[in-house]
Ligand code: UTP
């Protein structure tokens with residue numbers, strides 16, 4: 001054992017990580033050492049100090065305003081679309097999906113992207129995103145590359161899955177995987193939590209880890225080599241998100257913005273979405289957990305919620321902004337998450353916890369907004385862009401997501417002149433699914449002239465059905 005490393009851990013009050021050193025074989029010792037070398041003890045001390053002092057709570061102080069935003073009905077969107085389409089056609093846009101999360105709430109055994117979400121097709125989240133990428137390539141005639149962020153928790157199974165399904169027909173060289181970093185977790189006594197005698201508890205460092213991982217993995221270089229200037233960023237668990245929205249990219253690009261975000265109006269003040277605000281003139285996303293009930297309910301003179309513009313984790317980022325943001329290491333602040341995880345007890349036994357027992361630390365990509373010189377917030381309609389799969393049941397579950405998809409495709413069909421039978425609550429009577437390869441959006445569906453379609457059972461429109 002290198003004595004200076006051991007000494008550093010002892011001095012920091014973390015010497016317990018070596019308690020079982022004598023029990024470990026050579027492989028185990030090497031594994032443990034490798035992990036310990038990655039731990040930034042000073043950073044952990046600072047994080048523990050913050051938990052002790054303010055518990056990471058950031059109350060809202062100073063001048064707070066709702067930021068300007070491009071409204072969903074803004075007529076300027078048509079011009080923006082043309083600008084965005086030109087950008088995509090010129091090969092300057094890449095898609096990036098973050099898929100490094102552990103998906104603990106969903107409880108699916110495997111990477112979340114391999115979860116079957118299609119109400120009729122049973123296609124997985126990755127499959128639906130891949131079809132959208134294929135459809136974009138076809139529409140714009142460019143090899144839009146797709147960057148997929150994984151983590152130690154998801155990397156192997158994700159790559160295996162893509163190999164198995166032959167990249168869904170996408171050219172392998174245009175599907176690029178890169179791994180985010182991991183962060184150690186602390187137990188309630190601020191000690192590094194262990195999950196094995198040779199294993200500290202590590203978890204993905206949050207979606208903010210995208211930025212340093214892009215730089216460190218060489219993916220930023222890859223983007224620059226390909227002439228990519230803009231990144232269309234989205235999350236794996238939202239199957240209705242456009243892979244590259246020309247309106248959004250156009251608004252962002254024409255404004256000379258470095259990072260832009262989509263927003264929607266919260267359904268109710270308590271909806272657990274971060275809120276876009278201007279705090280002393282700086283654009284930030286305020287976490288819902290940091291808002292008091294009074295703050296959540298505060299309204300502006302127009303009657304709208306001050307903290308009502310919710311973030312749905314869809315962003316556009318300039319490649320040169322990511323370069324700037326990551327020069328000299330990642331600057332994003334850590335957030336605290338209290339979670340439950342099985343950990344070793346004093347006897348070296350792995351014990352399942354009763355409730356939350358560890359502190360995890362994550363960075364969030366939206367914190368990069370505060371570093372921009374210019375950003376655009378684009379309002380979108382919830383039913384068109386947001387149907388997340390977070391929980392196994394209840395809110396934001398596969399069931400609500402499938403309902404959301406059916407509602408969206410029903411609206412497309414109705415706009416194209418098809419009668420969709422609905423129940424008294426307005427929900428279509430039958431599930432509906434439209435493959436992005438059949439129609440990427442409502443306009444493309446209209447062009448297919450589906451008027452004669454009769455909906456008397458589940459409907460799946462896919463290229464084979466044409
Ligand atoms: P969430 O935090 O909402 O979900 O991440 P999760 O991590 O998948 O599941 P839980 O919280 O454990 O239940 C939203 C998106 O951000 C990605 C996820 O993969 C998902 O697409 N993400 C999250 C990362 O890529 N890395 C992270 O460290 C965290």
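With respect to the conditions (1) within 16 Å of the ligand (Cβ to nearest atom); (2) part of a helix (DSSP H, G or I); (3) closer than 30 Å to residue 407 by Cα, residue 148 falls short on a single one, namely (2).
For (1) within 13 Å of the ligand (Cβ to nearest atom); (2) under 30 Å from residue 441 (Cα atoms); (3) touching a residue at least 24 places away in the same chain (Cβ under 8 Å), each residue gets a yes or a no:
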site: 352; (1), (2), (3): no, no, no
site: 355; (1), (2), (3): no, no, no
site: 370; (1), (2), (3): no, no, yes
site: 378; (1), (2), (3): no, yes, yes
site: 382; (1), (2), (3): no, yes, yes
site: 404; (1), (2), (3): no, yes, yes
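If you go through the stretch 372-394 and keep only what is outside any loop (DSSP other than H, G, I, E, B) and surrounded by 16 or more Cβ atoms within 10 Å (Cβ to Cβ), you end up with 377, 378, 382, 384, 385.
Which of the residues that make up the stretch 95-126 are away from the ligand (no atom under 15 Å from the Cβ) and touching a helix residue (DSSP H, G or I) at 6+ places or on another chain (Cβ under 6 Å)? Lay out the reasoning, then the answer.
In the first step, residues of the stretch 95-126 are kept if they are away from the ligand (no atom under 15 Å from the Cβ); the result is 116, 118-123.
Selection gives 119 alone.
Condition check ((1) in contact (Cβ under 8 Å) with a residue 12 or more places away in the chain; (2) assigned to a strand (DSSP E or B)) across all residues:
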residue	(1), (2)
301	no, no
307	yes, no
312	yes, yes
316	yes, yes
320	yes, no
330	yes, no
335	yes, yes
338	yes, yes
346	no, no
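Does the stretch 224-252 hold any residues that are within 16 Å of the ligand (Cβ to nearest atom) and either modelled with pLDDT under 95 or outside any loop (DSSP other than H, G, I, E, B) (or both), and which are they? Once the filter is applied, which keeps residues that are within 16 Å of the ligand (Cβ to nearest atom) and either modelled with pLDDT under 95 or outside any loop (DSSP other than H, G, I, E, B) (or both), the stretch 224-252 yields 231, 232, 233, 234, 235. Please determine whether any residue of the stretch 307-316 is over 23 Å from residue 97 (Cα atoms), surrounded by 14 or more Cβ atoms within 10 Å (Cβ to Cβ) and more than 16 Å from the ligand (Cβ to nearest atom). The answer is yes, given that some residue of the stretch 307-316 is over 23 Å from residue 97 (Cα atoms), surrounded by 14 or more Cβ atoms within 10 Å (Cβ to Cβ) and more than 16 Å from the ligand (Cβ to nearest atom). Here the stretch 151-172 is the region considered, the condition is being part of a helix (DSSP H, G or I) and within 16 Å of the ligand (Cβ to nearest atom), and the residue that is surrounded by the fewest Cβ atoms within 10 Å (Cβ to Cβ) is 156.
Every residue, every condition in (1) under 25 Å from the mean Cα position of the chain (by Cα); (2) in a loop (DSSP other than H, G, I, E, B); (3) at pLDDT below 95, yes or no:
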{"position": "42", "(1), (2), (3)": "no, no, no"}
{"position": "46", "(1), (2), (3)": "no, no, no"}
{"position": "53", "(1), (2), (3)": "no, no, yes"}
{"position": "61", "(1), (2), (3)": "no, yes, yes"}
{"position": "72", "(1), (2), (3)": "yes, yes, yes"}
{"position": "82", "(1), (2), (3)": "no, no, no"}
{"position": "88", "(1), (2), (3)": "yes, no, no"}
{"position": "95", "(1), (2), (3)": "yes, no, no"}
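Contact map, the stretch 98-114: first residue farther than 19 Å from residue 365 by Cβ, second residue within 6 Å of the ligand (Cβ to nearest atom) and not in a loop (DSSP other than H, G, I, E, B), Cβ cut-off under 7 Å, separation 6 or more or different chains; pairs are 106/112.
Inside the stretch 181-223, counting only strands (runs of 3 or more DSSP E) that do not spill past its ends, which hold 3 or more residues that are under 22 Å from residue 99 (Cα atoms) and either within 14 Å of the ligand (Cβ to nearest atom) or under 25 Å from the mean Cα position of the chain (by Cα) (or both)? Explain how you work it out, then say what you get.
Details: elements: 182-184, 194-196, 202-204.
Answer list for the stretch 181-223: 182-184, 202-204.
Here residue 131 passes the criteria (1) at pLDDT 95 or above; (2) not in a helix (DSSP H, G or I) except the one numbered (2). Residues in the stretch 348-366 that are touching a helix residue (DSSP H, G or I) at 6+ places or on another chain (Cβ under 6 Å) and in a helix (DSSP H, G or I): 365 alone.
The values are calculated or read from the model by the stated rules, or taken from the named source; none is laboratory data. Since this is a predicted model, take the numbers as computed values, not measurements. Here Cβ is always computed from backbone atoms with ideal geometry, including for glycine, and neighbour counts include all displayed protein chains.
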